1. Quick check: from the Cα gyration tensor, does the range 247-383 come out rounded (a/c under 1.5), prolate or oblate?
2. So how much slack lies between residue 67 and residue 217, counting 0.36 nm per residue of separation and subtracting their Cα-Cα distance, in nm?
3. Tell me, what is the FRET efficiency for residue 98 and residue 373 to the nearest 0.05, using R0 = 35 angstrom and their Cβ-Cβ distance as r?
4. Would you please put 442-455, 296-309, 186-199 in order of how densely packed they are, using the mean number of other Cβ atoms within 10 angstrom per residue and starting with the highest?
5. Given a Förster radius of 51 Å and the C-beta distance between residue 86 and residue 460 as r, what FRET efficiency does 1/(1 + (r/R0)^6) yield to the nearest 0.05?
6. Once you place label points 7 Å from the Cα toward the Cβ at residue 328 and residue 347, how far apart are they in nm?
7. Modelling each spin label as a point 7 Å along the Cα-to-Cβ direction, I'd like the residue 152/residue 431 distance in nm, to one decimal.
8. If you count, for each residue, the other Cβ atoms within 10 Å and average over each peptide, how do 17-30, 329-342 line up from highest to lowest?
């Protein structure tokens, strides 16, 4: 009876720990409550990327057209030569949905007003087109129909021109989803930030539990702490463009496959991998190699630790099918993106994506075909990029007192020493430590190598990839080394 009570108490302790961890994760992600990142850095991080989603929300609200993407910008541009044409009388008996009629003598002044602002009382719309029709000037506008009750005159503001652009490098599924949430469900930006933070917190908790089952509880706790106190993960977490939870969601399904034996359940989980990778790529191709490498991390570790052919073959096979399924999700997203980008011609869309986006972010781009700003990234070697992310990391790795004083370079040196020390005393433990480091550093390194040009430019973002298990593994190996040394001293 005592044994069962202890197990029950242990389960309650785990549940309580995970609940408290979820709360810490949520507030750290949503408000930076634990000050993992500097407040200014957190508040202003990647606002330009998030602006692509906000712009799309506004365009959809105003019924502004977008043909080749679901992301874009929307802003007002000052026209210093423009004027306001006020008190334009309405021909109230002829007004229709999304259009209104004014006297024809205004046509010469308004015929080039497309994109400028139409003001009716406190209501503002963007002018779509101005035409002459039946001895009157017809003004067509974007957005919901104006409420013209008790309004006899309107103003056309030719001082501020509405500009918009489309971000065609992505399909932009997050733009569609968040636009629906705001324009149809009435959600606010803060609500969307909360939702993003909650989803990422849930995914991290699930992965923490899985790490505890696959590797050890100690590693699970250290992984969790590396996320909670990461300046980079916390700053990305709530961003509406990056939707960070989507990077890790395929791993939830893949790691569950590693843990279970039921064939039918595994089939359902493979479908989950396909859909989550499809969702990730429709929301952005960035870091996809890291997403897949993190998803097969348990298999990679077992491959490196395999002591017989059966174990080796099983994990190679499973890793292959996980990557294949994820790649199919990527291809499905790519075809949808190509169709949207080209306006219906998938072949033309694929050609545009390859020449304008893939070459610009990876290898093979011709400097003459792109903006000169990309020249250095094209000419940089893979070694130069890796050097940036291994030897030139200047910011804090973990925002925990004392620990935050250790740079990434120092942590790597300490790991090398730890592995050498363990090799002298226990080769199996040394192999375990080295295999763990390789396994969880591969996700970051894969993108630094495959997305070489992207990584060269985006040093203000891409350090986040080290937290896909890499930082957790580095600290865990140091923890194992310290406990091993302590036990060794105790024996002596």
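We did not get these values from a lab; they are worked out from the coordinates using the rules stated. Being a predicted model, the structure only gives us computed values, none of them experimental. Cβ atoms come from the backbone with ideal geometry, glycine included; neighbour counts cover every protein chain shown.
1. oblate
2. 49.0 nm
3. 0.30
4. 442-455, 296-309, 186-199
5. E between residue 86 and residue 460, to the nearest 0.05, is 0.65.
6. It works out to 2.6 nm between the two label points.
7. About 9.2 nm separates the two model spin labels.
8. 329-342, 17-30
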